[in-house]
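Written below as structure tokens is the structure these notes are about.
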Amino acid sequence: MFKTVLALSLLGAMFSCTKPWDNKYVKNLPPESIKEYEHSYSGTMMWYITWYKIEKGEDGHLKLMYSHDCNPEITIYKCPDDALKKIDGFVREYKLWNLSNSYTPKFEVLDGYMWHTSIRYEDGSISTGGSNAWPPKQLAAGLSAIEAYVQSIIDASTEDDIIGTDTHDNR
């Protein structure tokens, strides 16, 4: 009987530990472990109003993929090598690991806007989104700060910074 209780206690402790896919786990990861950032904002149209993703390219440098205005074409830009580190700084400053997985209004709404943000780390991720609803002000401010930073990269880009194109059909 004692062995059974001990075994069940140990199993319970194992399964109640923080898991790598739990947003709160991210606060303990080193900034260098961030691997990818993706954000989308859409309505009821077929293509995203805005979509972008920052990830490492085959050459080892970061690239920023961006599409907007419900256009399936993606423009691929060179991205500063410290961009993911800066995004991780916003995650830590605004404590974005406190984001819920999903935000929805109290009443069912079948039109409007949806959004999704994913920040992938080597050993965990923050994944959040909403349909006609946003997180509390402090957390929404953190997401807005990241969005403004990414937009500043796009705005500062020149034709020489464009390294290719793609479409959402190929993703």
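Yes/no per residue for (1) touching a strand residue (DSSP E or B) at 6+ places or on another chain (Cβ under 9 Å); (2) surrounded by 13 or more Cβ atoms within 10 Å (Cβ to Cβ); (3) not hydroxyl-bearing (Ser, Thr, Tyr):
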{"residue": "Tyr113", "(1), (2), (3)": "yes, yes, no"}
{"residue": "His116", "(1), (2), (3)": "yes, yes, yes"}
{"residue": "Glu122", "(1), (2), (3)": "yes, no, yes"}
{"residue": "Ser125", "(1), (2), (3)": "yes, yes, no"}
{"residue": "Thr128", "(1), (2), (3)": "yes, yes, no"}
{"residue": "Leu139", "(1), (2), (3)": "yes, yes, yes"}
{"residue": "Tyr149", "(1), (2), (3)": "no, yes, no"}
{"residue": "Ser157", "(1), (2), (3)": "yes, yes, no"}
{"residue": "Gly164", "(1), (2), (3)": "yes, no, yes"}
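Tell me yes or no: at least one residue of the range 83-92 is within 20 Å of Glu159 (Cα to Cα), at pLDDT 85 or above and touching a strand residue (DSSP E or B) at 6+ places or on another chain (Cβ under 6 Å). The answer is yes; a qualifying residue exists.
Within the range 58-95, the set of residues being part of a loop (DSSP other than H, G, I, E, B), touching a residue at least 12 places away in the same chain (Cβ under 8 Å) and not hydrophobic (A, V, I, L, M, F, W, C) comprises His61, Asp69, Asn71, Pro72, Pro80, Asp81, Tyr94, Lys95.
The residue list Gln151, Gln138 contains one member that is within 16 Å of Lys53 (Cβ to Cβ) and assigned to a helix (DSSP H, G or I), which is Gln151. Consider the range 49-91 and keep the residues that are in contact with a Lys or Arg (Cβ under 7 Å, 6 or more places away or on another chain) and under 17 Å from Tyr121 (Cβ atoms). The one that is surrounded by the fewest Cβ atoms within 10 Å (Cβ to Cβ) is Glu55.
The values are calculated or read from the model by the stated rules, or taken from the named source; none is laboratory data. Everything quoted here is computed from the prediction, not taken from an experiment. Every residue, glycine as well, gets a Cβ built from its backbone with ideal geometry; the counts of neighbours run over all protein chains shown.
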